[in-house]
1. Among Ala38, Ala146, Ala157, determine the one that fluctuates most according to a GNM of the chain built with springs between C-alpha atoms less than 10 Å apart.
2. What is the sum of charges, Lys and Arg at +1 and Asp and Glu at -1, for the other residues whose Cβ falls under 13 Å from the Cβ of Asp39?
3. Wrap a convex hull around the Cα atoms of the range 128-203, take a quarter of its surface area, and give that in square nanometres.
4. Give me the distance between the Cα centres of the range 216-248 and the range 128-182, rounded to whole Å.
5. By the scheme Lys and Arg +1, Asp and Glu -1, what is the net charge of all other residues having a beta-carbon under 14 Å from that of Ser196?
6. How much net charge surrounds Glu84 when only other residues with a Cβ under 12 Å from its Cβ are counted (Lys, Arg +1; Asp, Glu -1)?
7. Run the simple label-point estimate for Asp253 and Arg19 please: 7 Å along Cα→C-beta, distance reported in nm.
8. Using only Cα atoms, find the angle between the long axis of helix 252-261 and the longest principal axis of the chain, and express it within 0 to 90 degrees, rounded to the nearest 10.
Amino acid sequence: MQIRPRRLRLGENMRGLTRETRISETSLIYPLFVKEGADIKDPIPSLEGQFHFSPDRVCEAVDNSLKSGVKSFLLFGLPDHKDEAGSGAWLSEGVVQVALRLLRARYNGEITLITDVCLCEYTNHGHCGVLKGETVDNDKTLPLLAKTAVSHAQAGADIVAPSDMMDGRVNVIRDALDKHSFTDTAILSYAVKYASKFYGPFRNAAGSAPSFGDRRTYQMDFHNRREALKEAILDTLEGADMLMVKPAMAYGDIIAAVREVSNLPLAAYSVSGEYAMIKSAARAGLIDEYGVMCESAVASFRAGADMLITYYANEIAGAIQKGDIG
Ligand code: PBG
């Protein structure tokens, strides 16, 4: 037999035929930061091009995304008041809950509303759970997360996304949602969340940096891959409907590995530090922002993600519509 090395050389307009990775604007999720107050649209200094919106103005961001075909949103809350336990997280008049009700009423089923369920934006110490001395008390935090998730469902969330990394939280959240008849509310678990310096700009944007210590007792060590699979399997068994790997850019191997052990839909979160790196390198004239944005978005899907959470969602959707990717 003769070996015939051949590389398929299709013309530019035919490349779509054999493309291995497809992405659509419907698989993009855009994060929104909702701040307590009225008539606020303030630029976020650490995240160029992103804004803090008060609940009454957040629809401006949604309208803008809908124009480019992005229909799914991940909400983060910035409350005025913080305390030891993070009680602002589950108030029915809390900032996220108010925004949810307004958005649900205005857009009905036209958009998917996902909420970040965590206490770090609501605690005065900035940790993701209640404290026992200087450490986070996993088991005392669980019912608070469950209450928060239920309050989001009551206000109109379609999907709740616990990002705290406490053990067993998917289980208690599922129980609580079912008990309150929110059996259709889905859980997108931040199953594999690394303790990462890539979150720097977000903590600035959300005012959620821990006031002491770090998150390494509950978030994962970036040296570990098997542990990611363990977390993914446990959350699948606890009843998660979807899983997430976070960050995305430096964790393509983890996305690919999680894809293999769970059949659940998988999201990758291209986090604030990834966005900020592209923005600042582009501003310094070192890289082509549009090209790098497209390439890194496709990379997460190529690795195995079904959905991508990204601050570039609108621009990526634009690139898909132009036919530059997808
Ligand atoms: C809250 C939360 C964080 C992010 C999403 N949810 C911060 C953290 O864990 O410190 C990071 C998002 C980003 O960097 O874009 N727990």
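1. Comparing Ala38, Ala146, Ala157 in the GNM, the peak value goes to Ala38.
2. Result for the local shell: -1.
3. 5.7
4. If you average the Cα positions of each part, the centres end up 17 Å apart.
5. +3
6. Counting the neighbours of Glu84, the net charge comes to +1.
7. Modelled inter-label distance: 2.9 nm.
8. 80
Each value in this text was obtained by applying a stated rule to the coordinates, not by laboratory testing. Worth saying up front: this structure is predicted, and the values here are computed from it rather than measured. As a convention, Cβ positions derive from the backbone with ideal geometry for all residues, glycine included, and neighbour counts pool all protein chains shown.
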